[in-house]
Amino acid sequence: EQIDKLSDPDSVQLIKDTADYIHSIGYQFTWIPYFKSSGYDTWAELGFDVACMQPNYVFNLKAPYSNIVDCDKYTKELGMGVEMEIDSQFFDNKDYAERYYAYEKGFGEFVGKRPTAYYAGAPETMLKLADLMTKFFNKNN
């Protein structure tokens with residue numbers, strides 16, 4: 001979730017070595033750092049092929065909408081994607097539903113243009129919300 005390259009050079013080397021190995025067997029190396037976590041701005045330098053930032057907006061009802069705006073700005077500047085997050089309380093709590101729709105509003109423009117990951121917690125939540133996610137991606141592609 002974060003990489004503190006200044007205080008732990010061994011961890012940074014481990015990440016770079018892991019990237020080399022993953023690439024040597026023909027796979028891509030992906031990272032999904034949380035909002036403005038340490039190291040997010042050096043994702044490519046560390047050997048990741050794809051990085052999608054978590055805005056950390058859905059799960060914390062006190063998080064400001066500026067997380068969405070800032071996440072969009074930082075990821076555009078750094079060539080990253082974003083992680084769409086949805087809480088299992090989506091159907092039962094309007095606050096969580098409104099927060100999810102803020103993601104759709106803030107990130108819909110680049111679905112299909114930049115990497116987009118989806119996080120919904122438990123697998124049963126993903127299955128329950130599959131239609132909602134499909135509509136979002138189809139609408140924006």
message = Per residue, how large is the accessible surface of the chain? Use a 1.4 angstrom probe and give square angstrom.
response = 56 Å²
ask   = Label points 7 Å out from Cα along the Cβ direction at residue 45 and residue 89: separation in nm?
value = 3.8 nm
ask   = Taking 0.36 nm per intervening residue step and subtracting the Cα-Cα distance, what contour gain separates residue 131 from residue 22 on full extension?
value = 35.9 nm
key: Set 76/105; 36/62; 36/73; 94/128; 76/128; 16/113 screened for pairs whose C-alpha atoms are more than 19 Å apart   = 76/128; 16/113
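With N residues in region 1-107, what two-decimal value do you get for its Cα radius of gyration over 2.2 N^0.38 Å?
Expressed relative to 2.2 N^0.38 Å, the Cα Rg reads 1.20.
Order 69, 50, 82, most accessible first, counting only protein heavy atoms with a 1.4 angstrom probe.
69, 50, 82
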request  = Heads up, I need the accessible area for residue 61: 1.4 angstrom probe, whole protein in place, Å², nearest 10.
outcome  = 80 Å²
key: Probe 1.4 Å, all protein chains present, accessible-area order of 134, 18, largest first   = 134, 18
task = Give the angle, between 0 and 90 degrees and rounded to the nearest 10, that separates the Cα long axis of helix 94-107 from the longest principal axis of the Cα atoms of the chain.
result = 60 degrees
ask   = Mind checking the angle between helix 9-24 and the chain's longest principal axis? C-alpha axes, 0 to 90 degrees, to the nearest 10.
value = 80 degrees
request  = Obtain the radius of gyration and the Kirkwood radius of region 15-64 from its C-alpha atoms and give Rg over Rh.
outcome  = 1.11
ask   = With a ≥ b ≥ c the root eigenvalues of the C-alpha gyration tensor of region 62-109, is it rounded (a/c under 1.5), prolate (a/b larger than b/c) or oblate?
value = prolate
inquiry  = What aspartates and glutamates does residue 139 reach when the alpha-carbon gap must be under 13 Å and sequence neighbours fewer than 8 apart in one chain are set aside?
reply    = 104, 109, 131
message = Need the full-extension length gain, residue 8 to residue 124, defined as separation in residues times 0.36 nm minus the C-alpha distance. One decimal, nm.
response = 38.1 nm
key: the chain: angle of helix 66-78 to the longest principal axis, Cα-based, in degrees nearest 10   = 40 degrees
key: Accessible-area composition of region 26-141, carbon plus sulfur, in percent [1.4 Å probe]   = 52 percent
√(5λ) per eigenvalue of the Cα gyration tensor, region 77-132, largest first, Å = 21, 13, 9
inquiry  = Relative contact order for region 9-122: what percent, with Cα pairs under 8 Å and sequence separation of 6 or more?
reply    = 22 percent
message = With just the Cα atoms defining each centre, how far is region 110-141 from region 29-48? Give it in Å.
response = 22 Å
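The values are calculated or read from the model by the stated rules, or taken from the named source; none is laboratory data. Owing to the predicted nature of the structure, the values given are computational and were not obtained by experimental measurement. Note that we place each Cβ from the backbone using ideal geometry, even for glycine, and neighbour counts take in every protein chain shown. The area values use the complete protein model at the heavy-atom level, side chains included, leaving out ligands, DNA and RNA. Shrake-Rupley method; radii C 1.70, N 1.55, O 1.52, S 1.80 Å.
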